[in-house]
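Below is one structure; the comments refer to it alone.
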Amino acid sequence: MHSIIHNLPARVSLCLTPLLLSNTATMQSFSAPSVSLLLLPLPLLLLVLFSSLLLLLFLQWRHDPVDKRLPPGSMGWPYIGETLKHYTENPNSFFSIRQKRYGDIFKTHILGCPCVIISSPEAARIVLVTRAHLFKPTYPPSKEKMIGPEALFFQQGAHHARLKKLVQASLLPSAIRESVSEIEQIVLKLLPTWENSTVTTLQEMKRYAFDVAMISAFGDGWCLEMEGIKNLYQCLEKGYNSMPLDLPGTPFRKAMKARKLLNETLRRLIEKRRESRKQGGGLLGALLGAKDHKLSHLSDSEIADNIIGVIFAAHDTTASVLTWVLKYLHDNGELLEAVMKEQEGIQRRIVEGNRELTWDDTRHMPLTSRVIQETLRTASILSFTFREAVEDVEFEGYIIPKGWKVLPLFRSIHHCADFFPQPEKFDPSRFEVPPRPNTYMPFGIGVHSCPGSELAKLEMLVLLHHLTTTYRWKVVGDEDGIQYGPFPVPKRGLPLKVTPRNKKAI
(Lines give C-alpha, C1' and ligand atoms only; values in the text may rest on other atoms or scores of the structure.)
Protein backbone atom coordinates (compact mmCIF):
# COMPACT_ATOMS: atom_id res chain seq x y z
CA MET A 1 0.00 0.00 0.00
CA HIS A 2 2.70 2.47 0.96
CA SER A 3 4.71 1.74 -2.18
CA ILE A 4 1.66 2.54 -4.26
CA ILE A 5 1.16 5.78 -2.35
CA HIS A 6 4.75 6.79 -3.07
CA ASN A 7 4.10 6.28 -6.79
CA LEU A 8 1.07 8.53 -6.76
CA PRO A 9 1.34 12.22 -7.75
CA ALA A 10 2.86 14.23 -4.91
CA ARG A 11 -0.33 16.08 -4.01
CA VAL A 12 -2.41 12.88 -3.86
CA SER A 13 0.30 11.07 -1.89
CA LEU A 14 0.51 13.85 0.68
CA CYS A 15 -3.25 13.85 1.09
CA LEU A 16 -3.64 10.07 1.42
CA THR A 17 -0.67 9.28 3.66
CA PRO A 18 -1.92 11.08 6.79
CA LEU A 19 -5.40 9.82 6.04
CA LEU A 20 -4.26 6.19 6.04
CA LEU A 21 -2.04 6.64 9.06
CA SER A 22 -4.83 8.33 11.03
CA ASN A 23 -7.23 5.43 10.44
CA THR A 24 -5.09 2.85 12.24
CA ALA A 25 -7.98 0.59 13.11
CA THR A 26 -9.11 0.51 9.52
CA MET A 27 -5.56 -0.12 8.33
CA GLN A 28 -5.21 -3.08 10.67
CA SER A 29 -8.19 -4.69 9.01
CA PHE A 30 -6.35 -4.49 5.69
CA SER A 31 -2.96 -5.69 6.98
CA ALA A 32 -3.77 -9.38 7.43
CA PRO A 33 -4.59 -10.27 3.82
CA SER A 34 -1.89 -7.95 2.41
CA VAL A 35 0.24 -10.84 1.14
CA SER A 36 -2.66 -12.59 -0.59
CA LEU A 37 -3.69 -9.32 -2.19
CA LEU A 38 -0.37 -9.19 -4.01
CA LEU A 39 -1.25 -12.50 -5.72
CA LEU A 40 -4.32 -10.99 -7.38
CA PRO A 41 -4.21 -9.98 -11.05
CA LEU A 42 -3.03 -6.39 -11.40
CA PRO A 43 -6.37 -4.92 -12.63
CA LEU A 44 -8.25 -6.58 -9.77
CA LEU A 45 -5.60 -5.51 -7.28
CA LEU A 46 -5.86 -1.90 -8.41
CA LEU A 47 -9.66 -2.08 -8.16
CA VAL A 48 -9.45 -3.41 -4.60
CA LEU A 49 -6.94 -0.76 -3.60
CA PHE A 50 -8.95 2.02 -5.24
CA SER A 51 -12.15 0.85 -3.54
CA SER A 52 -10.31 0.71 -0.22
CA LEU A 53 -9.04 4.25 -0.62
CA LEU A 54 -12.53 5.47 -1.49
CA LEU A 55 -13.85 3.76 1.63
CA LEU A 56 -11.20 5.43 3.77
CA LEU A 57 -11.97 8.82 2.24
CA PHE A 58 -15.66 8.28 2.96
CA LEU A 59 -14.94 7.25 6.56
CA GLN A 60 -12.72 10.29 7.00
CA TRP A 61 -15.48 12.47 5.53
CA ARG A 62 -18.14 11.06 7.84
CA HIS A 63 -15.90 11.41 10.90
CA ASP A 64 -16.69 14.60 12.79
CA PRO A 65 -14.15 15.76 15.39
CA VAL A 66 -14.78 14.01 18.71
CA ASP A 67 -16.77 15.99 21.28
CA LYS A 68 -17.16 18.99 18.99
CA ARG A 69 -20.39 20.97 19.14
CA LEU A 70 -20.34 21.82 15.45
CA PRO A 71 -22.80 24.30 13.96
CA PRO A 72 -25.70 22.77 12.02
CA GLY A 73 -25.49 22.39 8.26
CA SER A 74 -24.67 20.04 5.41
CA MET A 75 -21.19 19.08 4.22
CA GLY A 76 -22.51 17.97 0.83
CA TRP A 77 -20.76 15.25 -1.15
CA PRO A 78 -17.41 13.73 -0.11
CA TYR A 79 -14.51 15.97 -1.18
CA ILE A 80 -16.66 18.02 -3.58
CA GLY A 81 -18.85 19.25 -0.73
CA GLU A 82 -21.26 21.95 -1.89
CA THR A 83 -18.77 23.64 -4.24
CA LEU A 84 -20.73 22.96 -7.44
CA LYS A 85 -23.95 24.28 -5.91
CA HIS A 86 -22.18 27.37 -4.63
CA TYR A 87 -20.74 28.26 -8.05
CA THR A 88 -23.81 27.41 -10.14
CA GLU A 89 -26.68 28.74 -8.02
CA ASN A 90 -27.69 32.32 -7.33
CA PRO A 91 -25.53 33.12 -4.27
CA ASN A 92 -28.42 35.00 -2.66
CA SER A 93 -30.51 31.81 -2.84
CA PHE A 94 -27.63 29.50 -1.88
CA PHE A 95 -26.94 31.34 1.35
CA SER A 96 -30.48 32.47 2.24
CA ILE A 97 -31.85 28.91 1.98
CA ARG A 98 -29.23 27.70 4.45
CA GLN A 99 -29.73 30.67 6.75
CA LYS A 100 -33.46 29.97 6.95
CA ARG A 101 -32.78 26.30 7.61
CA TYR A 102 -29.87 26.56 10.05
CA GLY A 103 -29.66 30.15 11.33
CA ASP A 104 -26.95 32.81 11.17
CA ILE A 105 -24.14 30.30 11.72
CA PHE A 106 -23.89 27.04 9.79
CA LYS A 107 -21.34 24.65 8.34
CA THR A 108 -20.68 23.64 4.74
CA HIS A 109 -17.81 22.38 2.58
CA ILE A 110 -16.51 24.30 -0.46
CA LEU A 111 -13.30 24.16 -2.51
CA GLY A 112 -12.01 21.21 -0.51
CA CYS A 113 -12.39 22.93 2.89
CA PRO A 114 -14.78 22.43 5.83
CA CYS A 115 -16.25 25.86 6.53
CA VAL A 116 -18.38 27.71 9.03
CA ILE A 117 -20.49 30.53 7.57
CA ILE A 118 -21.43 33.49 9.78
CA SER A 119 -23.89 36.11 8.62
CA SER A 120 -24.48 38.81 11.22
CA PRO A 121 -22.60 42.14 11.54
CA GLU A 122 -21.72 41.41 15.15
CA ALA A 123 -20.25 38.00 14.33
CA ALA A 124 -18.33 39.42 11.38
CA ARG A 125 -16.76 42.06 13.61
CA ILE A 126 -15.74 39.44 16.16
CA VAL A 127 -13.96 37.35 13.52
CA LEU A 128 -12.39 40.25 11.61
CA VAL A 129 -11.65 42.74 14.40
CA THR A 130 -12.15 42.00 18.09
CA ARG A 131 -10.92 38.37 18.05
CA ALA A 132 -9.00 38.52 14.80
CA HIS A 133 -5.96 36.88 16.43
CA LEU A 134 -7.95 33.63 16.58
CA PHE A 135 -8.78 33.65 12.87
CA LYS A 136 -5.84 33.95 10.51
CA PRO A 137 -6.35 35.15 6.94
CA THR A 138 -6.35 32.31 4.47
CA TYR A 139 -7.71 31.06 1.16
CA PRO A 140 -8.48 27.55 -0.05
CA PRO A 141 -5.21 25.66 -0.69
CA SER A 142 -5.57 25.93 -4.46
CA LYS A 143 -5.78 29.74 -4.38
CA GLU A 144 -3.05 30.08 -1.78
CA LYS A 145 -0.63 28.09 -3.95
CA MET A 146 -1.43 30.17 -7.01
CA ILE A 147 -1.08 33.54 -5.30
CA GLY A 148 1.87 32.51 -3.15
CA PRO A 149 2.09 31.83 0.61
CA GLU A 150 4.27 34.90 1.27
CA ALA A 151 1.68 37.37 -0.06
CA LEU A 152 0.24 39.97 2.31
CA PHE A 153 -3.11 38.10 2.46
CA PHE A 154 -1.63 35.26 4.50
CA GLN A 155 0.49 37.13 7.04
CA GLN A 156 -0.33 37.97 10.65
CA GLY A 157 0.93 40.03 13.55
CA ALA A 158 3.90 42.38 13.40
CA HIS A 159 5.19 41.05 10.06
CA HIS A 160 1.77 41.64 8.47
CA ALA A 161 1.64 45.19 9.85
CA ARG A 162 5.07 46.08 8.45
CA LEU A 163 4.40 44.44 5.08
CA LYS A 164 0.97 46.06 4.75
CA LYS A 165 2.49 49.47 5.47
CA LEU A 166 4.96 48.86 2.66
CA VAL A 167 2.29 47.65 0.21
CA GLN A 168 -0.03 50.51 1.11
CA ALA A 169 2.70 53.03 0.40
CA SER A 170 2.05 52.53 -3.32
CA LEU A 171 -1.76 52.43 -2.97
CA LEU A 172 -2.60 55.33 -0.66
CA PRO A 173 -4.30 58.43 -2.15
CA SER A 174 -1.05 60.36 -1.79
CA ALA A 175 0.60 57.84 -4.15
CA ILE A 176 -2.14 57.02 -6.64
CA ARG A 177 -3.19 60.64 -7.23
CA GLU A 178 -0.19 60.83 -9.55
CA SER A 179 -1.58 57.87 -11.52
CA VAL A 180 -4.73 59.64 -12.75
CA SER A 181 -3.12 60.71 -16.01
CA GLU A 182 -1.78 57.19 -16.71
CA ILE A 183 -5.14 55.59 -15.96
CA GLU A 184 -6.87 58.17 -18.15
CA GLN A 185 -4.56 57.32 -21.06
CA ILE A 186 -5.54 53.64 -20.75
CA VAL A 187 -9.22 54.66 -20.90
CA LEU A 188 -8.70 56.94 -23.91
CA LYS A 189 -7.04 54.10 -25.82
CA LEU A 190 -9.63 51.51 -24.79
CA LEU A 191 -12.96 53.26 -25.42
CA PRO A 192 -12.48 54.06 -29.12
CA THR A 193 -12.07 50.31 -29.78
CA TRP A 194 -15.67 49.87 -28.59
CA GLU A 195 -17.17 52.41 -31.00
CA ASN A 196 -20.05 51.16 -33.17
CA SER A 197 -19.42 47.57 -32.21
CA THR A 198 -20.74 44.95 -29.81
CA VAL A 199 -18.41 44.24 -26.92
CA THR A 200 -18.49 41.76 -24.05
CA THR A 201 -18.33 44.13 -21.11
CA LEU A 202 -16.73 41.73 -18.64
CA GLN A 203 -13.87 40.86 -20.98
CA GLU A 204 -13.24 44.51 -21.85
CA MET A 205 -13.28 45.48 -18.18
CA LYS A 206 -10.79 42.71 -17.45
CA ARG A 207 -8.48 44.19 -20.07
CA TYR A 208 -8.83 47.60 -18.48
CA ALA A 209 -8.43 46.43 -14.87
CA PHE A 210 -5.39 44.36 -15.76
CA ASP A 211 -3.61 47.28 -17.41
CA VAL A 212 -4.30 49.46 -14.36
CA ALA A 213 -3.08 46.65 -12.09
CA MET A 214 0.16 46.48 -14.09
CA ILE A 215 0.76 50.21 -13.55
CA SER A 216 0.05 49.75 -9.86
CA ALA A 217 2.43 46.80 -9.64
CA PHE A 218 5.30 47.98 -11.86
CA GLY A 219 4.90 51.71 -12.34
CA ASP A 220 4.88 53.57 -15.66
CA GLY A 221 6.41 51.99 -18.74
CA TRP A 222 6.06 48.66 -20.53
CA CYS A 223 8.56 45.94 -21.32
CA LEU A 224 8.70 42.48 -22.83
CA GLU A 225 8.51 40.84 -19.41
CA MET A 226 5.20 42.56 -18.75
CA GLU A 227 3.66 41.13 -21.91
CA GLY A 228 4.76 37.69 -20.75
CA ILE A 229 3.36 38.35 -17.29
CA LYS A 230 0.01 39.29 -18.81
CA ASN A 231 -0.21 36.09 -20.87
CA LEU A 232 0.84 33.84 -18.00
CA TYR A 233 -1.54 35.51 -15.58
CA GLN A 234 -4.45 34.85 -17.94
CA CYS A 235 -3.56 31.14 -17.79
CA LEU A 236 -3.25 31.31 -14.03
CA GLU A 237 -6.63 32.94 -13.38
CA LYS A 238 -8.47 30.10 -15.15
CA GLY A 239 -7.44 27.81 -12.31
CA TYR A 240 -8.14 30.13 -9.37
CA ASN A 241 -11.52 28.66 -8.62
CA SER A 242 -11.06 25.16 -9.99
CA MET A 243 -11.13 22.04 -7.86
CA PRO A 244 -7.56 21.44 -6.61
CA LEU A 245 -6.99 18.27 -8.65
CA ASP A 246 -3.31 18.05 -9.55
CA LEU A 247 -3.88 15.72 -12.50
CA PRO A 248 -2.84 16.03 -16.17
CA GLY A 249 -5.17 18.23 -18.20
CA THR A 250 -7.00 19.78 -15.25
CA PRO A 251 -7.32 23.58 -14.95
CA PHE A 252 -5.46 23.37 -11.63
CA ARG A 253 -2.44 21.60 -13.16
CA LYS A 254 -2.30 24.07 -16.07
CA ALA A 255 -2.59 27.01 -13.70
CA MET A 256 0.22 25.71 -11.48
CA LYS A 257 2.50 25.39 -14.51
CA ALA A 258 1.67 28.98 -15.45
CA ARG A 259 2.37 30.05 -11.85
CA LYS A 260 5.84 28.50 -11.98
CA LEU A 261 6.65 30.27 -15.25
CA LEU A 262 5.19 33.51 -13.89
CA ASN A 263 7.48 33.29 -10.87
CA GLU A 264 10.51 32.84 -13.14
CA THR A 265 9.48 35.84 -15.26
CA LEU A 266 9.06 38.02 -12.19
CA ARG A 267 12.43 36.92 -10.83
CA ARG A 268 14.10 38.04 -14.07
CA LEU A 269 12.37 41.41 -13.86
CA ILE A 270 13.33 41.80 -10.19
CA GLU A 271 16.94 40.90 -10.98
CA LYS A 272 17.09 43.51 -13.76
CA ARG A 273 15.77 46.19 -11.41
CA ARG A 274 18.25 45.23 -8.73
CA GLU A 275 21.18 45.26 -11.18
CA SER A 276 20.22 48.62 -12.68
CA ARG A 277 19.81 50.05 -9.16
CA LYS A 278 16.73 51.82 -10.49
CA GLN A 279 13.93 50.69 -8.27
CA GLY A 280 11.27 52.20 -10.50
CA GLY A 281 7.71 52.93 -9.50
CA GLY A 282 4.68 50.96 -8.43
CA LEU A 283 4.59 48.27 -5.78
CA LEU A 284 7.75 46.64 -7.15
CA GLY A 285 9.68 49.86 -6.58
CA ALA A 286 8.30 50.13 -3.05
CA LEU A 287 9.24 46.54 -2.21
CA LEU A 288 12.73 46.87 -3.65
CA GLY A 289 13.28 50.14 -1.81
CA ALA A 290 12.05 48.97 1.59
CA LYS A 291 13.55 51.22 4.29
CA ASP A 292 12.23 49.32 7.32
CA HIS A 293 15.29 47.40 8.55
CA LYS A 294 13.09 44.44 9.43
CA LEU A 295 11.90 44.24 5.82
CA SER A 296 15.05 45.42 4.09
CA HIS A 297 15.90 41.98 2.75
CA LEU A 298 12.68 40.82 1.14
CA SER A 299 13.43 37.72 -0.90
CA ASP A 300 12.57 37.50 -4.59
CA SER A 301 9.80 35.01 -3.76
CA GLU A 302 8.27 37.40 -1.20
CA ILE A 303 8.30 40.21 -3.75
CA ALA A 304 6.87 37.96 -6.48
CA ASP A 305 4.06 36.65 -4.25
CA ASN A 306 3.01 40.18 -3.30
CA ILE A 307 3.11 41.40 -6.91
CA ILE A 308 0.85 38.52 -7.96
CA GLY A 309 -1.37 39.19 -4.95
CA VAL A 310 -1.92 42.81 -5.98
CA ILE A 311 -2.75 41.82 -9.56
CA PHE A 312 -5.14 39.15 -8.26
CA ALA A 313 -6.89 41.60 -5.93
CA ALA A 314 -7.14 44.35 -8.56
CA HIS A 315 -8.27 42.35 -11.56
CA ASP A 316 -11.40 40.16 -11.57
CA THR A 317 -13.28 41.91 -8.78
CA THR A 318 -12.91 45.41 -10.24
CA ALA A 319 -13.86 44.16 -13.70
CA SER A 320 -16.98 42.49 -12.31
CA VAL A 321 -18.04 45.61 -10.39
CA LEU A 322 -17.64 47.82 -13.49
CA THR A 323 -19.72 45.35 -15.51
CA TRP A 324 -22.54 45.68 -12.99
CA VAL A 325 -22.23 49.48 -12.90
CA LEU A 326 -22.92 49.63 -16.65
CA LYS A 327 -25.82 47.20 -16.25
CA TYR A 328 -27.45 49.20 -13.45
CA LEU A 329 -27.01 52.53 -15.25
CA HIS A 330 -28.42 51.01 -18.44
CA ASP A 331 -31.49 49.76 -16.55
CA ASN A 332 -32.04 53.06 -14.70
CA GLY A 333 -32.30 55.74 -17.39
CA GLU A 334 -33.02 58.67 -15.07
CA LEU A 335 -30.05 57.79 -12.93
CA LEU A 336 -27.82 57.56 -16.00
CA GLU A 337 -28.94 61.03 -17.11
CA ALA A 338 -28.13 62.43 -13.66
CA VAL A 339 -24.65 60.85 -13.71
CA MET A 340 -24.04 62.26 -17.21
CA LYS A 341 -24.96 65.75 -16.04
CA GLU A 342 -22.57 65.46 -13.10
CA GLN A 343 -19.76 64.35 -15.40
CA GLU A 344 -20.54 67.01 -18.02
CA GLY A 345 -20.11 69.67 -15.34
CA ILE A 346 -16.64 68.32 -14.60
CA GLN A 347 -15.88 68.12 -18.32
CA ARG A 348 -16.78 71.80 -18.75
CA ARG A 349 -14.30 72.79 -16.06
CA ILE A 350 -11.61 70.67 -17.70
CA VAL A 351 -12.21 72.27 -21.12
CA GLU A 352 -12.27 75.78 -19.64
CA GLY A 353 -8.99 75.12 -17.83
CA ASN A 354 -7.43 73.48 -20.92
CA ARG A 355 -6.23 70.59 -18.77
CA GLU A 356 -6.62 66.87 -18.14
CA LEU A 357 -8.71 65.07 -15.54
CA THR A 358 -7.19 65.38 -12.07
CA TRP A 359 -7.41 63.70 -8.70
CA ASP A 360 -9.39 66.67 -7.35
CA ASP A 361 -11.95 66.20 -10.14
CA THR A 362 -12.58 62.63 -8.98
CA ARG A 363 -13.22 63.95 -5.45
CA HIS A 364 -16.17 65.98 -6.84
CA MET A 365 -18.26 63.13 -8.24
CA PRO A 366 -20.67 62.45 -5.34
CA LEU A 367 -23.49 60.84 -7.35
CA THR A 368 -21.16 58.69 -9.42
CA SER A 369 -19.41 57.61 -6.22
CA ARG A 370 -22.75 56.62 -4.66
CA VAL A 371 -23.57 54.59 -7.78
CA ILE A 372 -20.34 52.67 -7.23
CA GLN A 373 -21.13 52.23 -3.52
CA GLU A 374 -24.60 50.88 -4.28
CA THR A 375 -23.20 48.57 -6.96
CA LEU A 376 -20.73 47.16 -4.45
CA ARG A 377 -23.61 46.54 -2.06
CA THR A 378 -26.17 45.16 -4.49
CA ALA A 379 -23.86 42.97 -6.55
CA SER A 380 -21.67 41.98 -3.56
CA ILE A 381 -19.02 40.57 -5.88
CA LEU A 382 -17.13 39.15 -2.89
CA SER A 383 -19.79 37.20 -1.06
CA PHE A 384 -17.45 36.52 1.84
CA THR A 385 -13.85 36.52 2.98
CA PHE A 386 -11.81 33.57 4.23
CA ARG A 387 -10.39 33.13 7.71
CA GLU A 388 -9.08 30.01 9.46
CA ALA A 389 -9.41 29.08 13.13
CA VAL A 390 -5.90 28.87 14.64
CA GLU A 391 -7.26 26.79 17.56
CA ASP A 392 -10.58 25.34 18.66
CA VAL A 393 -12.77 28.40 19.14
CA GLU A 394 -16.03 28.57 21.07
CA PHE A 395 -18.34 30.79 19.08
CA GLU A 396 -22.00 31.53 19.85
CA GLY A 397 -22.41 28.23 21.68
CA TYR A 398 -20.67 26.14 19.01
CA ILE A 399 -17.11 24.93 18.56
CA ILE A 400 -15.23 25.87 15.41
CA PRO A 401 -12.45 23.26 15.13
CA LYS A 402 -8.87 24.32 14.54
CA GLY A 403 -8.08 24.44 10.84
CA TRP A 404 -11.67 25.02 9.70
CA LYS A 405 -12.34 27.99 7.44
CA VAL A 406 -14.58 30.74 8.79
CA LEU A 407 -16.43 32.84 6.22
CA PRO A 408 -18.03 36.17 7.27
CA LEU A 409 -20.88 36.46 4.79
CA PHE A 410 -20.88 40.04 3.49
CA ARG A 411 -23.58 39.29 0.92
CA SER A 412 -26.27 38.47 3.48
CA ILE A 413 -25.40 41.53 5.55
CA HIS A 414 -25.55 43.78 2.47
CA HIS A 415 -28.96 42.34 1.55
CA CYS A 416 -30.52 42.49 5.01
CA ALA A 417 -33.64 44.66 5.04
CA ASP A 418 -32.93 45.68 8.64
CA PHE A 419 -29.87 47.60 7.43
CA PHE A 420 -30.82 48.40 3.83
CA PRO A 421 -34.60 48.79 3.31
CA GLN A 422 -35.80 47.23 0.04
CA PRO A 423 -32.39 45.58 -0.41
CA GLU A 424 -33.07 44.34 -3.95
CA LYS A 425 -33.77 47.88 -5.17
CA PHE A 426 -30.83 49.71 -6.75
CA ASP A 427 -30.90 53.00 -4.87
CA PRO A 428 -27.68 55.07 -4.61
CA SER A 429 -29.48 57.68 -2.51
CA ARG A 430 -29.30 55.33 0.48
CA PHE A 431 -25.62 56.32 0.75
CA GLU A 432 -26.42 60.01 1.24
CA VAL A 433 -26.11 59.09 4.91
CA PRO A 434 -23.39 56.71 6.18
CA PRO A 435 -24.55 53.10 6.73
CA ARG A 436 -24.61 51.62 10.21
CA PRO A 437 -21.22 50.36 11.45
CA ASN A 438 -20.25 46.86 10.30
CA THR A 439 -23.12 46.61 7.81
CA TYR A 440 -21.24 47.72 4.67
CA MET A 441 -18.00 45.82 4.04
CA PRO A 442 -17.26 45.55 0.31
CA PHE A 443 -13.52 45.79 1.04
CA GLY A 444 -13.61 44.00 4.39
CA ILE A 445 -12.90 45.56 7.78
CA GLY A 446 -10.08 45.39 10.28
CA VAL A 447 -6.33 45.09 9.74
CA HIS A 448 -6.82 42.81 6.74
CA SER A 449 -9.15 45.09 4.81
CA CYS A 450 -8.26 45.59 1.15
CA PRO A 451 -5.34 48.05 0.81
CA GLY A 452 -6.24 48.79 -2.83
CA SER A 453 -9.79 50.07 -2.30
CA GLU A 454 -8.93 53.67 -3.23
CA LEU A 455 -7.25 52.58 -6.47
CA ALA A 456 -10.30 50.49 -7.41
CA LYS A 457 -12.64 53.46 -6.85
CA LEU A 458 -10.32 55.77 -8.82
CA GLU A 459 -10.16 53.59 -11.90
CA MET A 460 -13.96 53.21 -11.89
CA LEU A 461 -14.48 56.98 -11.68
CA VAL A 462 -12.00 57.74 -14.48
CA LEU A 463 -13.63 55.24 -16.84
CA LEU A 464 -17.18 56.36 -16.01
CA HIS A 465 -16.24 60.00 -16.59
CA HIS A 466 -15.14 59.39 -20.18
CA LEU A 467 -17.74 56.74 -20.96
CA THR A 468 -20.75 58.78 -19.86
CA THR A 469 -19.61 62.04 -21.48
CA THR A 470 -18.69 60.47 -24.82
CA TYR A 471 -20.75 57.32 -25.43
CA ARG A 472 -24.12 55.62 -25.11
CA TRP A 473 -24.55 51.89 -24.62
CA LYS A 474 -27.36 49.40 -25.01
CA VAL A 475 -27.58 45.77 -23.89
CA VAL A 476 -27.67 43.38 -26.85
CA GLY A 477 -30.35 40.70 -26.67
CA ASP A 478 -33.17 40.33 -24.18
CA GLU A 479 -31.62 37.60 -22.03
CA ASP A 480 -31.53 38.75 -18.44
CA GLY A 481 -30.04 36.94 -15.51
CA ILE A 482 -26.79 36.19 -13.75
CA GLN A 483 -23.92 33.79 -14.43
CA TYR A 484 -21.50 32.55 -11.80
CA GLY A 485 -17.92 31.40 -12.12
CA PRO A 486 -16.83 32.46 -9.64
CA PHE A 487 -18.09 36.03 -9.35
CA PRO A 488 -21.72 36.86 -10.15
CA VAL A 489 -21.95 38.88 -13.37
CA PRO A 490 -24.73 39.55 -15.91
CA LYS A 491 -25.40 36.73 -18.39
CA ARG A 492 -22.87 36.33 -21.21
CA GLY A 493 -20.67 38.98 -19.61
CA LEU A 494 -23.15 41.75 -20.59
CA PRO A 495 -22.84 42.24 -24.38
CA LEU A 496 -23.22 45.94 -25.22
CA LYS A 497 -23.61 47.99 -28.39
CA VAL A 498 -21.56 51.16 -27.88
CA THR A 499 -22.13 54.29 -29.95
CA PRO A 500 -20.84 57.89 -29.75
CA ARG A 501 -23.17 60.35 -28.03
CA ASN A 502 -24.97 62.98 -30.07
CA LYS A 503 -24.30 65.89 -27.75
CA LYS A 504 -24.21 69.62 -27.84
CA ALA A 505 -20.95 71.38 -27.24
CA ILE A 506 -20.11 71.16 -23.56
Some residue of segment 314-325 being in contact with a helix residue (DSSP H, G or I) (Cβ under 6 Å, 6 or more places away or on another chain) and part of a loop (DSSP other than H, G, I, E, B): yes
Residue 452 being within 27 Å of residue 163 (Cα to Cα) and of a type in the set (Gly, Ala, Ser): yes
Residue list for segment 389-434, restricted to those being touching an Asp or Glu at 6+ places or on another chain (Cβ under 9 Å), of a type in the set (Val, Ile, Thr) and surrounded by fewer than 21 Cβ atoms within 10 Å (Cβ to Cβ): 399
Answer residue from segment 205-237, given it is at pLDDT below 80 and outside any helix (DSSP H, G or I) and is nearest to residue 461 (Cα to Cα) among those: 220
Failed item in (1) surrounded by fewer than 16 Cβ atoms within 10 Å (Cβ to Cβ); (2) within 17 Å of residue 490 (Cβ to Cβ); (3) of a type in the set (S, T, N, Q), with residue 354 passing the rest: (2)
Complete set of residues in segment 364-413 that are assigned to a helix (DSSP H, G or I), within 18 Å of residue 103 (Cβ to Cβ) and of a type in the set (Gly, Ala, Ser): 412
Test: residue in segment 319-326 that is modelled with pLDDT under 90 and among the aromatic types (Phe, Trp, Tyr): no
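Residues checked against (1) under 15 Å from residue 111 (Cα atoms); (2) at pLDDT below 60; (3) surrounded by fewer than 15 Cβ atoms within 10 Å (Cβ to Cβ):
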site: 50; (1), (2), (3): no, no, yes
site: 62; (1), (2), (3): no, yes, yes
site: 69; (1), (2), (3): no, no, yes
site: 73; (1), (2), (3): no, no, no
site: 76; (1), (2), (3): yes, no, no
site: 84; (1), (2), (3): yes, no, yes
site: 87; (1), (2), (3): yes, no, no
site: 92; (1), (2), (3): no, no, no
site: 95; (1), (2), (3): no, no, no
Positions within segment 431-476 being in the same structural domain as residue 190 (by TED's automatic domain parsing), assigned to a helix (DSSP H, G or I) and either at pLDDT below 95 or hydrophobic (A, V, I, L, M, F, W, C) (or both), in sequence order: 453, 454, 455, 456, 458, 460, 461, 462, 463, 464, 467
Segment 149-164 residues that are assigned by TED's automatic domain parsing to the domain that holds residue 306, paired with ones that are surrounded by fewer than 15 Cβ atoms within 10 Å (Cβ to Cβ) and assigned to a helix (DSSP H, G or I) (beta carbon under 7 Å, 6 or more apart): 162/294
Of residues in segment 372-430 being farther than 21 Å from residue 446 by Cβ and among the aliphatic types (A, V, I, L, M), the one modelled with the highest pLDDT: 372
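The values are calculated or read from the model by the stated rules, or taken from the named source; none is laboratory data. Quick caveat, the model's predicted, so the values are computed rather than measured. Reconstructed Cβ throughout: ideal geometry from the backbone, glycine too, with neighbour counts over all protein chains shown.
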